[in-house]
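**Q** Right, I'll just put the structure down here and ask away after.
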Amino acid sequence: MAELQLGRRAFLAGAAVLTFGLVMPSRRALAAPTPSASFSPSALLRIDADDSVRIIMPHADLGCGSYTGMAQVLADELDADWKHVVAEHLDSLDPAFNHRDWGVIAVGASTSLSSQWRYLREIGATARAMLLAAAAEQWQVPVARLVAANSRVSDPATGAQASFGELTAKAATLTPPTAVKLKERQQFTLIGRGMPRLDRLVKSNGTARFGIDVMLPGMLHAAIAHAPVFGGKLLAVDSRRAEGMAGVRKVVRIPTGVAVIADTYWQARQARDALDIKWDDGAFAKVSSADLWREYAALADTQGTSFQRQGSVRLEEADKRLDGEMRFPFLAHAPMEPLNATARVKDGACEIWCGTQFQGIDVPNIEKATGIPAAKISIHTQWLGGSFGRRASPQADYLVEAVQVAQSAGLDVPIKLTWQREDDIQGGLYRPMALHRYSVGLDARGLPMHWLHKVVCASITKGTFFEASANADGFDRFSVEGLLDNLYAGPNVDYQLHSPSHAVSVCWQRGEADSHNGPAVEGIINRLARLVGADPFEYRRRLLAGKEAAKTARVMGVLDVLERESDWKAAAAAKVFRGMAVHASFGSVCGYVVEIIKNGSRLDFQRVTAAFDCGLVINPELVKAQVYSAVAFALSAFLGQQVEIVNGRAKQSNFTDYAIAAMRHTPDVDVYLIDSPLDHPTGVGEVGVPPFIPALSEALFQATGQEVDQYPASLRGFTFLEG
């Protein structure tokens, strides 16, 4: 009897046919282009004779729906019919795909929509103008009387109509206009609506191809062994046993480890584990998290680099004073799709297939590490199975390794390097651990007059492409975002930064430095409100009053909506305890009221109210989804996640000991989107993470009297609630 081999993707695809085949239209898949007359006024857009509108995305979609949002922006100005819109991955290093602010192909810091907003609109408007001009020439009528809507051009005077596809051949012969008029806000037809996601079908039926799904003719697989201790070095390897195992083709050494290449990943991984490797663990082998915390605390006892100083901090003059410390641990990104990259090196050139946020930064990293000229490096972007910043590696670590493995092997075939999740959690890049030491002096009115705040946090930009720009002002700006713009402080502040170096590699994570600076500042404000017996909403308003209106207006707007929609002024029900926080980051403002109910020793979520100002909302359903996911992400970090270093090694290894909040753990969240005064979108994906942590911390304090000053809160006995 023939053996049935059914892979994960094949099973999903087959199941989808059985389940959804009669009700879901197949045309929404990311299909191959139809060879016919096409109109392509930009590298980002192609309209085919079959009416399909293909938008080649300048930024990768990490799962947050940015493909849909960006497509809405372009398609709205184009007046395209949404059912004809198709999104395609970037498959080129053409500068047309550069981030409009950064000048390279990359995405991060919640800038997918905000950075491309005007650019995408101009492309859509240009294409629309050319299609109208094509129809005018074809019908020999004035262009001014023609109308475009739903992927058709019509002439109200004659009743003539033509689809975009029917006009492509003519439009392709025209010269693009040098200037176009963009729509007024009230003319938008797609922007502001909850259009269905373009990727919903391919991610439901299993046909979406992530990096880990890439299969190429002749492809081999690789697994790599890294030094178990951070900073460790390879001394020697005995690969004889591994080389004798089934399917193994080669064992190669690269600067960061030893890789086994085999016919299948499982064979490569089994053979990797059979390697006899001697490592030089180095001095970090004696270091644990407790040692790092002692080092950080000792640094906080000393003068750091004052990155913002005004007035004079004389805490001894204060009527009341709040002193404290907060600690935030190393955090791993742990994306659902393990890190991987497939590379083929042939004739001095390399091709790479992977999910990455940083194509324009990966290339110079690969060139530097391998000597392959940038002009001979190509990257085929795939779907990303999560990232949270991990696939925006400043060092392009896993891509560089994939190319080095393929280069060292010299086999002229594609080789897919896969890091199993343990490889990443135990040897990847982490959100840096951070210690905050603060002293805030209050005047007789209970308002901060003196604010001394020290941050101890390793720099994520050191030695990277970003170091020069991040340190242009003499300190690592990436370490202090969220504190640097503290609107609550009084006239006298001294903010200091220590940037210690150690062997652990660090990187931004969703929320970036706001993920610890935001909770620190908002946590302090909640404690100050308690100290002076003030309502936390009113206390924040008092602190913001008189400050520059342009900076505070949107925060005030979020506070108003949050207070009203949470029904804050009404007394909380019996056994219900509340906390609130608000934080501005990535150009947006988000706030929460968290309510928990206490029954004996058991604590459960009652509800969460969120208010969010992210400028002009492109797709409200996408924004709400990002708030829901931000709550789950922040809850995971709050309750259970940390990477603890023990004798130079990461103690945690996988989801078994690096817990992620499951659906049953997460609260119901009511999201209220602000009618923002801005006429453009601002950040969404990361903004919801920072304020949830101090809001929940305050609710827990109100319920238990326990202050959460070290995360995760499991260190204080708070854990996920089961069943």
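**Q** Give me the pairs, please: first residue somewhere in region 566-578 and open to solvent by 40 Å² or more (accessible area, probe 1.4 Å), second residue anywhere and charged (D, E, K, R), beta-carbon distance under 6 Å, and either six or more positions apart or on two chains.
**A** Close Cβ pairs (under 6 Å, with a partner that is charged (D, E, K, R)) amount to Ala572/Arg578; Lys575/Lys598; Arg578/Glu595.
**Q** Ok, one more. Mind listing whichever residues of region 298-312 are in a loop (DSSP other than H, G, I, E, B) and open to solvent by less than 50 Å² (accessible area, probe 1.4 Å)? Step through it out loud before you land on a result.
**A** Here is the first cut: in region 298-312, the residues in a loop (DSSP other than H, G, I, E, B) are 301-304, 311-312.
Within region 298-312, Gly304, Ser312 qualify.
**Q** Against the conditions (1) under 24 Å from the mean Cα position of the chain (by Cα); (2) in a loop (DSSP other than H, G, I, E, B), where does Ala630 fall short? Just the number, please.
**A** If we test Ala630 against (1) under 24 Å from the mean Cα position of the chain (by Cα); (2) in a loop (DSSP other than H, G, I, E, B), just (2) comes out false.
**Q** For the structure I just gave you, tell me whether Glu686 is among the acidic types (Asp, Glu) and under 22 Å from the mean Cα position of the chain (by Cα). Please lay out each step first, then the result.
**A** Details: among the acidic types (Asp, Glu): yes; under 22 Å from the mean Cα position of the chain (by Cα): yes.
In short, yes.
**Q** Ok, one more. Suppose we filter Ala136, Ala129 for residues that are of a type outside the set (Ser, Thr, Tyr), out of contact with any Ser or Thr (no Cβ under 7 Å at 6 or more places or on another chain), at pLDDT 95 or above and surrounded by 21 or more Cβ atoms within 10 Å (Cβ to Cβ); which single one remains?
**A** Values: Ala136 fails: surrounded by 21 or more Cβ atoms within 10 Å (Cβ to Cβ).
Result of the check over Ala136, Ala129: Ala129.
**Q** Right, here's the next one. If a residue has to be charged (D, E, K, R), open to solvent by less than 50 Å² (accessible area, probe 1.4 Å) and either free of Cβ contacts under 8 Å to residues at least 12 places away in the same chain or assigned to a strand (DSSP E or B) (or both) to count, how many in region 251-292 make the cut?
**A** First, pick out the residues of region 251-292 that are charged (D, E, K, R): 253, 263, 269, 272-273, 276, 278, 280-281, 286, 291.
Okay, now just the ones that are also open to solvent by less than 50 Å² (accessible area, probe 1.4 Å), so 272, 281.
From the residues that got through so far, the ones that are either free of Cβ contacts under 8 Å to residues at least 12 places away in the same chain or assigned to a strand (DSSP E or B) (or both) too are none.
Of the residues in that region, 0 qualify.
**Q** Return the pairs, sorted by first residue and then second, in which the second residue is modelled with pLDDT under 95, the first residue lies in region 235-250 and is of a type in the set (Ser, Thr, Tyr), the beta carbons are less than 9 Å apart, and the residues are 6+ apart or on different chains.
**A** Here the result reads none, with nothing in region 235-250 linked to a residue that is modelled with pLDDT under 95.
**Q** Taking the condition under 18 Å from Val440 (Cβ atoms), charged (D, E, K, R) and surrounded by fewer than 19 Cβ atoms within 10 Å (Cβ to Cβ), does Glu295 pass?
**A** Working: under 18 Å from Val440 (Cβ atoms): no; charged (D, E, K, R): yes; surrounded by fewer than 19 Cβ atoms within 10 Å (Cβ to Cβ): yes.
No: the conditions fail for Glu295.
**Q** Continuing with this model, one more query. From Ile224, Ile212, grab the single residue that is assigned to a strand (DSSP E or B), open to solvent by less than 80 Å² (accessible area, probe 1.4 Å) and of a type outside the set (D, E, K, R). I'd like the intermediate steps shown before the answer.
**A** Numbers: Ile212 fails: assigned to a strand (DSSP E or B).
The match here is Ile224.
**Q** Just name the residue that is farthest from Glu325 (Cα to Cα) out of those in region 443-474 that are aromatic (Phe, Trp, Tyr) and open to solvent by 20 Å² or more (accessible area, probe 1.4 Å). Walk me through it before giving the result.
**A** Of the residues in region 443-474, the ones aromatic (Phe, Trp, Tyr) are 451, 465-466.
In the following step, the residues that additionally are open to solvent by 20 Å² or more (accessible area, probe 1.4 Å) were identified as 465-466.
On the way: Phe465: 32, Phe466: 29 Å.
Per the criteria, the residue is Phe465.
**Q** Mind counting the residues in region 107-163 that are hydroxyl-bearing (Ser, Thr, Tyr) and not in a helix (DSSP H, G or I)? First the steps, then the outcome.
**A** Taking region 107-163 and keeping what is hydroxyl-bearing (Ser, Thr, Tyr), we get 110-112, 114-115, 119, 126, 151, 154, 158, 163.
Next cut, not in a helix (DSSP H, G or I) only: 110-111, 151, 154, 158, 163.
Residues that pass the stated criteria total 6.
**Q** Which of the residues that make up region 469-510 are farther than 30 Å from Gly232 by Cβ and under 20 Å from the mean Cα position of the chain (by Cα)?
**A** The first filter runs over region 469-510 and keeps only residues farther than 30 Å from Gly232 by Cβ, leaving 469, 472-475, 477, 480-496.
Those that are farther than 30 Å from Gly232 by Cβ and under 20 Å from the mean Cα position of the chain (by Cα): Arg477, Val480, Glu481, Gly482.
**Q** Please go through region 348-396 and give me each residue that is surrounded by 23 or more Cβ atoms within 10 Å (Cβ to Cβ) and among the acidic types (Asp, Glu), ordered by number.
**A** Asp362
**Q** Taking only region 418-439 into account, find how many residues are crowded, with 24+ Cβ neighbours inside 10 Å and basic (Lys, Arg).
**A** 1
**Q** With buried (at least 20 other Cβ atoms within 10 Å of the Cβ), at negative phi and of a type outside the set (A, V, I, L, M) as the only criterion, which of Asp494, Asp560 stands out?
**A** Values: Asp560 fails: buried (at least 20 other Cβ atoms within 10 Å of the Cβ).
The match here is Asp494.
**Q** Taking the condition of being open to solvent by 10 Å² or more (accessible area, probe 1.4 Å), within 29 Å of Ala162 (Cβ to Cβ) and either in a helix (DSSP H, G or I) or of a type in the set (A, V, I, L, M, F, W, C) (or both), how many residues in region 53-79 meet it?
**A** Matching residues across region 53-79 total 1.
The values are calculated or read from the model by the stated rules, or taken from the named source; none is laboratory data. Model, not experiment: these values are computed from the prediction. All Cβ positions, even for glycine, are placed from backbone atoms using ideal geometry, and neighbour counts span all protein chains on display. Ligands, DNA and RNA are excluded from the accessible area calculation, which covers all protein heavy atoms including side chains. Shrake-Rupley method; radii C 1.70, N 1.55, O 1.52, S 1.80 Å.
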